[in-house]
């Protein structure tokens, strides 16, 4: 069926009418849209609507409020994302998005609304660029679902550029700082947490969720199979990415430390008896329950002061592990596998600041290998050109 329509004027405004045929009872059906200032505007809108109707791509504008739609979408996402992600979405929705858009009809949302929203979040609320980027990702995801279910024609958020990503400053410790910190932490109840973090680059949740079943004393391996949530209560049998499910080789010294740690843990369990809740964690509280991340953070910060080391985040122990490996010439692919990155590109991108120095060191080592064999090549030390010769060659 080919639809037709006409443009009409009512008082000082123009509107269009599209004939939609008749319903099951033979009653005439029409679609009207009012509010155009000129006949030309009304005619352009009519032409577009007729094209969409006749092409089968027309979508009746949704009357649902944007706030209501986003809350329904978040309930849908709750079963499909990590608790930490859900918590971030929930806070951003309630704190930032709903106050601005709760009562706006979904069909009325335009890219300009979103662009002004981002500007307000950055300039008035002083949110970090990365926080606004997370809100942008959330809106894109939600509105994709609205497009999928024919509630809107286009995803307005995709037509808006989010703020540029602002990478957090990466801080790492030197080997001397690592030694100072471990010396300061040797009597801490969380010593093994720090020891594992520095030796493996595992994430905090992976370390706190590590069970004794995942420690292979014969092959000197730790297997990452589950994580403990930020709330210190939720244990998940999956990691951040598929690559996160991995085995990490550990040095013999750490294996011996783990054996002693396990023995002390057994003694503690015998001392406390029924008070001790054995959940098979490598790193547990004094009564066997999961370690509270807040307690760990406070202890970590106090030990940094005691060690007189540079102030870093716990997550920077992961960066420290990777940096020390790369500085020792370990192949980025191996580092990537230990960290559980999805691919080597992620590792190279994150630690690209190390590459220039590594290139210079590699060239120096290769030069030592190639040019110091006097039986094959002349000793370059004896053939150095002086400054005047260098200037001549450079300006030639």
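The values are calculated or read from the model by the stated rules, or taken from the named source; none is laboratory data. Just so we're clear, the structure is a prediction, and the values are computed from it rather than from any experiment. Virtual Cβ from ideal backbone geometry, glycine too; neighbours counted across all protein chains shown.
If you take the residues of the stretch 308-321 that are assigned to a helix (DSSP H, G or I) and more than 18 Å from the chain's Cα centre (by Cα), which of them is nearest to residue 171 (Cα to Cα)? Talk me through it step by step, then tell me what you get.
If we filter the stretch 308-321 for residues that are assigned to a helix (DSSP H, G or I), which is where we start, we get 316-321.
Remaining after also requiring more than 18 Å from the chain's Cα centre (by Cα): 320-321.
Numbers: 320: 8, 321: 11 Å.
Of everything passing the filter in the stretch 308-321, 320 is nearest to residue 171 (Cα to Cα).
Which members of the stretch 99-110 meet the condition of being surrounded by 14 or more Cβ atoms within 10 Å (Cβ to Cβ) and part of a helix (DSSP H, G or I)?
Passing the criteria: 100, 101, 106, 107, 108.
Can you spot a residue in the stretch 205-218 that is touching a residue at least 12 places away in the same chain (Cβ under 8 Å), part of a helix (DSSP H, G or I) and within 25 Å of residue 175 (Cβ to Cβ)?
Yes: one or more hits.
From the list 227, 238, exactly one residue is at pLDDT below 95, in contact with a strand residue (DSSP E or B) (Cβ under 7 Å, 6 or more places away or on another chain) and within 24 Å of residue 288 (Cα to Cα). Which is it?
227
Quick test for you: out of 336, 294, pick the one residue that is surrounded by fewer than 19 Cβ atoms within 10 Å (Cβ to Cβ) and assigned to a helix (DSSP H, G or I).
On the way: 336 fails: surrounded by fewer than 19 Cβ atoms within 10 Å (Cβ to Cβ).
So the residue among 336, 294 that is surrounded by fewer than 19 Cβ atoms within 10 Å (Cβ to Cβ) and assigned to a helix (DSSP H, G or I) is 294.
Which of the residues belonging to the stretch 168-202 are part of a loop (DSSP other than H, G, I, E, B) and crowded, with 22+ Cβ neighbours inside 10 Å? Explain how you work it out, then say what you get.
Going through the stretch 168-202, the residues part of a loop (DSSP other than H, G, I, E, B) turn out to be 168-174, 186-190, 201-202.
Scanning the stretch 168-202 gives 173, 201, 202.
Would you be able to tell me the number of residues in the stretch 34-66 that are within 20 Å of residue 14 (Cβ to Cβ), modelled with pLDDT under 85 and in contact with a helix residue (DSSP H, G or I) (Cβ under 8 Å, 6 or more places away or on another chain)?
Residues flagged as within 20 Å of residue 14 (Cβ to Cβ), modelled with pLDDT under 85 and in contact with a helix residue (DSSP H, G or I) (Cβ under 8 Å, 6 or more places away or on another chain) within the stretch 34-66 amount to 1.
If residue 40 meets every condition in (1) touching a strand residue (DSSP E or B) at 6+ places or on another chain (Cβ under 7 Å); (2) outside the structural domain of residue 132 (by TED's automatic domain parsing) apart from one, which number is that one?
(1)
Which residue, of 132, 140, 152, is in a loop (DSSP other than H, G, I, E, B), assigned by TED's automatic domain parsing to the domain that holds residue 102, in contact with a helix residue (DSSP H, G or I) (Cβ under 6 Å, 6 or more places away or on another chain) and surrounded by 13 or more Cβ atoms within 10 Å (Cβ to Cβ)?
On the way: 132 fails: in a loop (DSSP other than H, G, I, E, B); 140 fails: in a loop (DSSP other than H, G, I, E, B).
Exactly one of 132, 140, 152 is in a loop (DSSP other than H, G, I, E, B), assigned by TED's automatic domain parsing to the domain that holds residue 102, in contact with a helix residue (DSSP H, G or I) (Cβ under 6 Å, 6 or more places away or on another chain) and surrounded by 13 or more Cβ atoms within 10 Å (Cβ to Cβ), namely 152.
Residue 365: surrounded by 13 or more Cβ atoms within 10 Å (Cβ to Cβ), out of contact with any strand residue (DSSP E or B) (no Cβ under 9 Å at 6 or more places or on another chain) and in a helix (DSSP H, G or I), yes or no? Write out each step before concluding.
Numbers: surrounded by 13 or more Cβ atoms within 10 Å (Cβ to Cβ): no; out of contact with any strand residue (DSSP E or B) (no Cβ under 9 Å at 6 or more places or on another chain): yes; in a helix (DSSP H, G or I): yes.
No; evaluated as a whole, the condition is false for this residue.
Test each condition in (1) assigned to a helix (DSSP H, G or I); (2) more than 30 Å from residue 344 (Cβ to Cβ) for residue 286 and report the one that comes out false.
Unmet for residue 286, out of (1) assigned to a helix (DSSP H, G or I); (2) more than 30 Å from residue 344 (Cβ to Cβ): (1).
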